[in-house]
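Visitor: There's a structure below that I have some questions on.
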Amino acid sequence: MDWIDFRSDTITKPTPGMLEAMAKAATGDDVFGEDPSVNELEHQLSSRFGMEAGLFCPSGTMANQIAIKLHTQPGSEVICDELSHVYQYEGGGIAFNSGASVRLLRGDRGRVKDWQVRDAINPNDIHKAQSQLVVLENTCNRGGGSVYELVDIEDIKSVCLENKLKLHLDGARLFNALVATHQSPIAYGELFDSISICLSKGLGAPVGSVLLGTSKDIQLARRIRKVLGGGMRQAGILAGAGLYALDHHIGRLAEDHAHATELAKTLRGLSFVEQVLPVETNIVLFNLYHNFSAASFVEQLREYRILCFATGKHQIRFVTHLDISPQQVKQAQTILQNLTIKPS
Ligand SMILES: *Cc1c(COP(=O)(O)O)cnc(C)c1O
């Protein structure tokens, strides 16, 4: 039996169709702005969201960090949820790259409300860091793939406008949210000053993220990307994978969501599972009872050739993706149903 790998939606390999598209992609030197495939990818994504321009970046982390640099000055403050990727998983980049501090909010599975943002804005006082940027994440990774209601984002946008704050979206999995809710990409383009989108998560490309924003911001973003060492040359090979993903891998995200829902159903019936968090997209977070350790659960599943991550002492994460088939979901369900684990 092949490994069933629920660790992350970043582990997917390019499909034959995607590899063919990569091989055929037109290329040029993207640092000169001459790569037709990169230009096409940036254009297609920015048009979809009704935004002026896009910038192809090597990673989602770089796209977010460039956005934060664009919207802040050293000594200012970024407001975000305590679970957010920009704070938890970008190596302290907000301080390292932008010299900014962070105000953390405790939201509902990664999602914050307008009043929380309003309460976190510093007064205009020379003792205080100047609040300049709000970062939202949708879907929220550490929130278990939770999705924002558009109306909640609209309310946050109003607070940002009233207080002259910029609003950035870490949309690493924004397409999961769009497919799950049928929200309009144009609405997102209208609400955010910048959006980062990962091609290498659910969309199945090997590398790449795109940062969207105004033409003026993206011009500066291009300069920041170069400073960070993110200027790539014949990047069209990678952009070709992204273009292929936009054509072929968006609608199918619904399958990943259905798979996650299926797994959650099985997990809810297991005697050692205390709680399965609500499943909205392709991430399942669940907690074991306190006498069972997540680390040994992960080890035990590995013996059945199932891979997953412990995200806490008693918490496990399963992520579904392009390289998980319906048969593998069924296999995993059977294995889980027959599993007896030892208390530790
Ligand atoms: C994966 C991810 C990113 C970007 O990660 P990279 O590995 O740098 O591409 C950003 N935000 C969220 C929420 C993510 O899950």
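Rule-based calculations on the coordinates, nothing more; no lab input. Note that the structure is a prediction, hence the values are computed from the model and not measured. Cβ: placed from backbone, ideal geometry, glycine included. Neighbour counts: every protein chain shown.
Visitor: What order do you get for Val134, Val179 when you list them from fewest to most C-beta neighbours inside 10 Å?
Guide: Starting with the residue having the fewest Cβ neighbours, the order is Val179, Val134.
Visitor: I would also like to ask the following. Give me the orientation-averaged projected area of the Cα convex hull of region 120-253, in nm², one decimal.
Guide: In nm², the orientation-averaged hull projection of region 120-253 is 9.9.
Visitor: Let me ask another. Quick check on region 94-189: what are the equivalent-ellipsoid semi-axes from the Cα gyration tensor, as sqrt(5λ), descending, whole Å?
Guide: Semi-axes from the Cα gyration tensor: 25, 15, 12 Å.
Visitor: In whole Å and largest first, what semi-axes does the C-alpha gyration tensor of region 263-344 yield when each eigenvalue is scaled by 5 and square-rooted?
Guide: Taking √(5λ) for each eigenvalue gives 19, 14, 12 Å, largest first.
Visitor: Can you give the direction-averaged projected area of the convex hull of the alpha-carbon atoms in region 124-169, in nm²?
Guide: 3.9
Visitor: Report the semi-axes of the equivalent ellipsoid for the chain in whole Å, largest first, where each axis is √(5λ) for an eigenvalue λ of the Cα gyration tensor.
Guide: The three semi-axes for the chain are 33, 27, 17 Å.
Visitor: If you take the Cα atoms of region 1-50, find Rg, then find the Kirkwood Rh from the mean of 1/r over all pairs, what is Rg/Rh?
Guide: Using Cα coordinates only, the ratio equals 1.14.
Visitor: What is the diffusion coefficient of region 1-94 in µm²/s, taking the Kirkwood radius over Cα pairs and the Stokes-Einstein relation at 20 °C with a viscosity of 1.002 mPa s?
Guide: Rounded, D is 129 µm²/s.
Visitor: Can you sort Arg111, Arg173, Arg223 by how many other beta carbons sit within 10 Å, fewest first?
Guide: Details: Arg111 23, Arg173 29, Arg223 13.
Fewest-to-most Cβ neighbours within 10 Å comes out as Arg223, Arg111, Arg173.
Visitor: Gly110: net charge of surrounding residues, Cβ under 9 Å, Lys/Arg +1, Asp/Glu -1, itself excluded?
Guide: Local charge sum for Gly110: -1.
Visitor: Another question, then. Kindly state, as a whole number, the per residue volume in cubic angstrom of the convex hull around the alpha carbon atoms of region 197-328.
Guide: So the per-residue hull volume is 162 Å³.
Visitor: P(r) tail for region 1-158, what percent of Cα pairs lie past 28 Å?
Guide: Result for the distance tail: 36 percent.
Visitor: Per 5 Å bin from zero, what fraction in whole % of the C-alpha pairs of region 70-117 is there, up to the bin with the longest pair?
Guide: Result, from short to long distances: 5, 23, 29, 22, 16, 5 percent.
Visitor: Still on this structure, please answer the following. Taking the inverse of the average 1/r across all pairs of different Cα atoms in region 147-186, what Kirkwood radius in Å do you get?
Guide: 11.1
Visitor: Using a Cα-Cα cut-off of under 26 Å, which lysines could be cross-linked to Lys164, ignoring same-chain neighbours fewer than 8 residues away?
Guide: In chain and number order, the partners are Lys69, Lys113, Lys128, Lys216.
Visitor: Given the options Glu82, Glu274, Glu162, state which has the largest fluctuation in a GNM of the chain using a 10 Å cut-off (strictly under) for Cα springs.
Guide: Glu162
Visitor: Cα-based Rg of region 183-239 per 2.2 N^0.38 Å, rounded to two decimals?
Guide: 1.26
Visitor: In µm²/s, what is D for region 212-275 at 20 °C and 1.002 mPa s, where D = kT/(6 pi eta Rh) by Stokes-Einstein and Rh is the Kirkwood radius from Cα pairs?
Guide: For the chosen part, D equals 134 µm²/s.
Visitor: Cα to Cα, under 14 Å, and not fewer than 8 places away if on the same chain: which aspartates and glutamates meet these conditions relative to Lys13?
Guide: Once the sequence-local aspartates and glutamates are set aside, what remains near Lys13 is Asp5, Asp323.
Visitor: Arrange the following residues from fewest to most other Cβ atoms within 10 Å of their Cβ: His314, His259.
Guide: Working: His314 20, His259 25.
Neighbour counts put them in this order, fewest first: His314, His259.
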